[in-house]
Ligand code: PMV
């Protein structure tokens, strides 16, 4: 019997959510300590491969028809990836179990992280080499299955595990950031990215000029944010986060719970804060002056309604 663990990180969007769907740049950051894990077990005694989705309390056989709804998307992924990748999975002798620390539906990339870890597991199982380009391509195909018309930012940052400036149709620009401490606060409210993206698209169609101007402004913030990450300008980065949040509020994707946590963070010394991801719930993120400030803000958020908090630091070259 052999056992492999494949994993992928969570992510948050620092700048540019929603605008990225309309072709503007966004910056996304991996959260390296918060991960989804796929355990691949290779065991000759397994005749009927199965998947054990631990967090969902659901087990299902991979080769049988009508899998339970809770794991249908994972089973579809397991069937689709070999087809797209041009390889075959062994008919028997293996199983997968999935465990994720990433909360679901909160804009932290839970579905993309599970997809990326699953793809890695299938390539491991079939002894096929996997490049980052293929990982990004396949995880995008799986994201389409979950979200309809994703921009591609989530699966890209989760595949490369580095901060990235992402713009549809352009080369991916990974970036070496200076040291920053971010605090992510979770409102505990799950939301549907596909639904919120569709609502924004409806409003865009009604107010095209106004929304185009807002998305352009957000895209400019992402471009300036890229320079701030590289130069280590904490105060300017914080200011950009505040400005990005105001623009997100204007397109109607904030929520009282997000506004509340953002105010708590700013009142406890955050240099800037914004919602992150699709909005209407999910998470906010703020930038802290240093590590101890980050933990102070995290404590304050937890005392004032956040159901989870994550302190995430950028990895810096030594
Ligand atoms: O799934 P979330 O909450 O991280 O949202 C993704 C970011 C959006 O820009 C709203 C959608 C997308 O596909 O980029």
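Throughout, read-outs are computed from the coordinates displayed, never taken from laboratory work. Every value quoted in this text rests on a predicted model; they were computed, and no experiment measured them. All Cβ positions, even for glycine, are placed from backbone atoms using ideal geometry, and neighbour counts span all protein chains on display.
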One point scatterer per Cα, no solvent, Debye formula: log10 I(q)/I(0) for segment 254-318 at q = 0.27, 0.28 Å⁻¹ comes out as -1.22, -1.30
Acute angle (nearest 10 degrees) that the helix 291-303 long axis makes with the longest principal axis of the chain, alpha-carbon atoms: 80 degrees
Ranked packing of 111-117, 252-258, most packed first, by mean Cβ within 10 Å: 111-117, 252-258
Counting every Cα pair in segment 1-70, what percent are over 15 Å apart? 70 percent
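Over all distinct alpha-carbon pairs, what is the Kirkwood Rh of segment 1-130 in angstrom?
It is 15.6 Å.
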Just for the Cα atoms in the chain, what are the lengths along the principal axes, largest first, rounded to whole Å? 58, 44, 36
Segment 174-265 shape via C-alpha gyration tensor axes, a/c threshold 1.5: oblate
Of all DSSP beta bridges in the chain, antiparallel share, percent nearest 5: 95 percent
What is the ratio of the Cα radius of gyration of segment 134-190 to 2.2 N^0.38 Å, with N the residue count, to two decimals? 1.31
Principal axis box of segment 87-135, alpha-carbon based, largest edge first, Å: 35, 26, 12
For the pair residue 64 and residue 145, how long in nm is the line joining their label points, each one 7 Å along Cα→Cβ? 1.9 nm
Distance from the Cα centre of segment 1-46 to that of segment 257-318, in angstrom? 21 Å
Kirkwood estimate for segment 226-284, i.e. one over the average of 1/r between Cα atoms, Å: 11.7 Å
Relative packing of peptides 139-147, 16-24, 209-217 - highest average C-beta neighbours within 10 Å first: 16-24, 139-147, 209-217
Highest average packing first - 191-201, 237-247, 38-48, Cβ atoms within 10 Å: 237-247, 191-201, 38-48
How big is the Cα convex hull of segment 117-211 in projection, averaged over all directions, in nm²? 9.1 nm²
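Over the residues of segment 101-165, compute the C-alpha Rg and express it relative to 2.2 N^0.38 Å.
Taking N as the residue count of segment 101-165, the ratio is 1.07.
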